[in-house]
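Chemist: Have a look at the structure that comes next, please.
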Amino acid sequence: MEKMKKGLFFVVFTCMIMTMWTTTGCTEKKTSGTDSIDADSTDTTAADTLEQLITEQPMPKAADELFDDFIFNFAANKKLQMKRILFPLKVVNGKTEKTLEKGQWKMEHFFMNQGYYTLIFDNHRQMKIVKDTSINHVVVEKIYLKRKKVKQYIFNRINGQWMLVEVNTGAMYQNNNASFLNFYQKFATDSTYQMQHLNVPIHFSGPDPDDDFSTMSGDIEPETWPAFAPELPANFIYNIIYGQSYTQSNQKILVMRGIANGMEMQLTFVRKGKVWKLTRLSE
């Protein structure tokens, strides 16, 4: 009976992974060919609908308290975005520095076009800072994995309002998560490499198909992993630094969080020696 229940969970869990993200699947890994620093190539249908809903509603003052509430409005509302950029905007690219005037700025949708965003944490304790309303400095990172570049959008809360004050593009090797990011790029694009970097077994946890209010857990063996593996973002990922301090940690938690559907997936990676391995998948 327990085996049947776990088997049913695997089916439900697989279907949830397939439907959770518009860019995911279970078997064949498909990656788009572009990795441009200035353009995305994702389907924007769902994002356009969400953006229209956000644009039609004025941003409540309370949205400035929690950065997540602000950034969704900032990314979807062009009028608001223009008001919340400190022009002339400082733009740094390596050793080159310039300023952008208001008329030169192009609307930045961030992760709205893909319907979900990613976060990187060292541990679960760091996740609590997301709900901290006292923080006044946040960095949104767009990480170009193939080009090994990181574009940082730096926000400060000034007089109670979140403002974009600087955009800074640098080499990925300078990033605090460089070791993990280099590993992740291979893990997400090379199925053979991915299989070689799976812990034995991979622990999973998720909703119990027999009880909406309970969860169940179990193990996934490497040989069955292809049936349940989510298609991971491979060209670029986002990260939001709310104030968490990264260290040379031997653990990284990659969170994939839906924007409008309340769904979330967590992949936990642990470094043993110099080798990163996926140890846990939870939903």
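Derivation of every value follows stated rules applied to the coordinates shown; laboratory data play no part. Since the structure is predicted, the reported quantities are computational estimates derived from the model, not experimental observations. Note that each Cβ is placed from the backbone with ideal geometry, even for glycine, and that neighbours are counted across all protein chains shown.
Chemist: At 7 Å along the Cα-to-beta-carbon direction for both K90 and A260, put a label point, then send me their distance in nm to one decimal.
Modeler: A separation of 3.6 nm, rounded to one decimal place.
Chemist: Given Cα pairs under 8 Å that are at least 6 residues apart, what percent is the relative contact order of segment 143-203?
Modeler: 25 percent
Chemist: Quick query: amide H of I240 versus all other amide H atoms, modeled in the peptide plane; which residues come in under 5 Å with a sequence gap of 5 or more or a different chain?
Modeler: For I240, whose amide H was placed from the backbone, the distant partners under 5 Å are I120, E141.
Chemist: State, to one decimal in nm, how far the label point of D68 lies from the label point of N123, with both points 7 Å from Cα in the Cβ direction.
Modeler: Reported label-point gap for D68 and N123 is 2.1 nm.
Chemist: Considering only Cα-Cα distances, which of the following residue pairs are longer than 25 Å: K98/K149; K146/K252; K95/K149; K146/K277; K95/K131? Don't jump to the answer; show the numbers that get you there.
Modeler: Values: K98/K149 18 Å; K146/K252 20 Å; K95/K149 14 Å; K146/K277 20 Å; K95/K131 35 Å.
K95/K131, as the Cα separations exceed 25 Å there.
Chemist: Right, another one. Going by amide H atoms built from the backbone, whose H comes under 5 Å of the H on L145, apart from near neighbours?
Modeler: The answer is F236, I237.
Chemist: For K102 and V139, what does the FRET efficiency come to when R0 = 22 Å and r is the distance between their Cβ atoms, rounded to the nearest 0.05?
Modeler: That gives a FRET efficiency of 0.45.
Chemist: Evaluate the distance, in nm, between pseudo-label points positioned 7 Å from the Cα of Q161 and of K148 along their respective Cα→Cβ axes.
Modeler: Calculated label separation equals 4.1 nm.
Chemist: Now a separate question. List every residue whose amide H lies under 5 Å from the amide H of A260, counting only residues 5 or more places away in sequence or on a different chain, with H placed 1.01 Å from N in the peptide plane.
Modeler: none
Chemist: Hey, another quick one. With a Förster radius of 41 Å, plug the Cβ-Cβ distance of A171 and D211 into 1/(1 + (r/R0)^6) and report the FRET value to the nearest 0.05.
Modeler: E between A171 and D211, to the nearest 0.05, is 0.25.
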